[in-house]
Amino acid sequence: MRAIWKGAVSFGLVSIGVKLYSATEEKDIRFHQVHRADGGRIRYKRTCQVCGEEVTYDDIAKGYDLGGGEMVILTDEDFAELPLTSSRAIDVLEFVPAEQVDPILYNKAYFLEPEGSATKPYVLLRDALADSERVAIVKVALRQREQLATLRVREGVLLLNTMLWPDEVRTPDFGFLDEDLKVRPPELAMASSLIDSMAGTFEPDAFTDDYRAALQEVIDAKVEGREVVQPEEEEAAPAAAVDLMAALKASVERAKAARGEEPAGAGAGEPTPISAARSAKKAAKAPPKKAAEKKAAAKKAEPAKKAAKKTAEKKAAKAPAKKAAAKKAAPRKTA
């Protein structure tokens, strides 16, 4: 990494020499504008709209448009006389609880590295800041502009986060904020259940920029002269649901299914779109209830029928023998 700024953190009467490094970097794939026919780079000339001449950087100044065609021109001397804090100082103003700083105010992040013999006071400020569970509110001049910023500890290093000024944050002005919309308790309970079913621990490394990876694949394929493999299409998002409760219930069930959990009270209550679909699938596979009962009754009656038939056959076989024995045993008539 290359230091982009050198200065000192003013902490009471203590001055800590530091170097400033960009803590983040953009990973966007950058392109040049080129001529489609031959790939030549497209260049833009800086020309004056009044005289039409090409202008060098040395002849360019800053102008403030007053409107109506009037322009105020500011030179480097005008900027040099502005009441900026020392361009090489990070002045600590106060220490506040971190939760009091709205994340919307954060802008860019920079690492601070101690310079020369400033390591010990640097570590002292770092440890004291970590123990206090607070962040330092500071002012610093970067790129000819005074910035509000915070100092906090991240992975054993002091991190400077430049901030927007409060008047740079817009106030939302949307019509629905004035509407008297009522949320029913069951809807709120179901929404809370959905949040609970999707709760997890944030691990940044688990998320990737799929678009950038796919674009890089296209570039690599063109360089190697091979065919571009189309990525699999993602499942289309469901259309806006009219029944909010049904959509919430279905979402909870899907989230639990994704985690391998059995939905609570499965089969009870009103069917959701997902449970209804599952029930229909089961019903299609299973035979009709009446037919199943009839089949079971017929199966049950079959052994009884066979037994009755066997008994009747035995009785029929014994009958002639019985008659013959009775005839023999009867007394003979004398003449």
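The values are calculated or read from the model by the stated rules, or taken from the named source; none is laboratory data. Treat the numbers as computed from the prediction; the structure is a model and nothing was measured. Reconstructed Cβ throughout: ideal geometry from the backbone, glycine too, with neighbour counts over all protein chains shown. Keep in mind that these areas ignore ligands, DNA and RNA; they rest on the heavy atoms of the full protein, side chains included. Shrake-Rupley method; radii C 1.70, N 1.55, O 1.52, S 1.80 Å.
Observations, loosely collected:
- Output for region 21-49, where each listed residue is under 30 Å from Ile137 (Cβ atoms), in a loop (DSSP other than H, G, I, E, B), in contact (Cβ under 8 Å) with a residue 40 or more places away in the chain and open to solvent by 50 Å² or more (accessible area, probe 1.4 Å): Thr24
- Condition met for Asp196 (in a helix (DSSP H, G or I), closer than 26 Å to Pro103 by Cα, over 26 Å from the mean Cα position of the chain (by Cα) and free of Cβ contacts under 8 Å to residues at least 40 places away in the same chain): no
- Consider region 1-10 and keep the residues that are of a type outside the set (Phe, Trp, Tyr) and assigned to a strand (DSSP E or B). The one that is least open to solvent (accessible area, probe 1.4 Å) is Val9.
- Consider region 11-20 and keep the residues that are in a strand (DSSP E or B) and surrounded by fewer than 17 Cβ atoms within 10 Å (Cβ to Cβ). The one that is modelled with the highest pLDDT is Ser15.
- Of the residues examined, Arg170 is one that is open to solvent by 100 Å² or more (accessible area, probe 1.4 Å) and modelled with pLDDT of 90 or more.
- The set of residues from region 114-161 being modelled with pLDDT of 95 or more and among the polar types (S, T, N, Q) comprises Thr150, Asn161.
- Residue ID - surrounded by the most Cβ atoms within 10 Å (Cβ to Cβ), chosen from residues in region 176-203 that are polar (S, T, N, Q) and closer than 14 Å to Ala250 by Cα: Ser197
- Selection within region 94-134 - β-branched (Val, Ile, Thr) and under 14 Å from Val9 (Cα atoms): Thr119, Val123
- The conditions of being out of contact with any helix residue (DSSP H, G or I) (no Cβ under 8 Å at 6 or more places or on another chain), assigned to a strand (DSSP E or B) and over 22 Å from Ala3 (Cα atoms) are not met by Gly52.
- Test result for Asp65, modelled with pLDDT under 90 and either in a loop (DSSP other than H, G, I, E, B) or open to solvent by 80 Å² or more (accessible area, probe 1.4 Å) (or both): no
- Verdict on Thr201 being at pLDDT 85 or above, in a loop (DSSP other than H, G, I, E, B) and more than 30 Å from Arg145 (Cα to Cα): yes
- Any hit, region 232-241, residues being open to solvent by 70 Å² or more (accessible area, probe 1.4 Å), modelled with pLDDT under 80 and in a helix (DSSP H, G or I): no
- Within region 73-91, residues that are under 30 Å from Ala136 (Cα atoms) and modelled with pLDDT of 75 or more sit with their Cβ atoms under 7 Å from residues that are open to solvent by less than 60 Å² (accessible area, probe 1.4 Å) and polar (S, T, N, Q), at 6+ positions apart or across chains, in these pairs: Ala89/Ser10; Ile90/Ser10; Asp91/Ser10; Asp91/Thr85.
- Of the residues in region 124-137, not one is under 30 Å from Asp243 (Cβ atoms) and either open to solvent by 50 Å² or more (accessible area, probe 1.4 Å) or touching a Cys at 6+ places or on another chain (Cβ under 9 Å) (or both).
- Here Gln49 fulfils each of the conditions (1) modelled with pLDDT of 90 or more; (2) over 30 Å from Leu125 (Cβ atoms) apart from (1).
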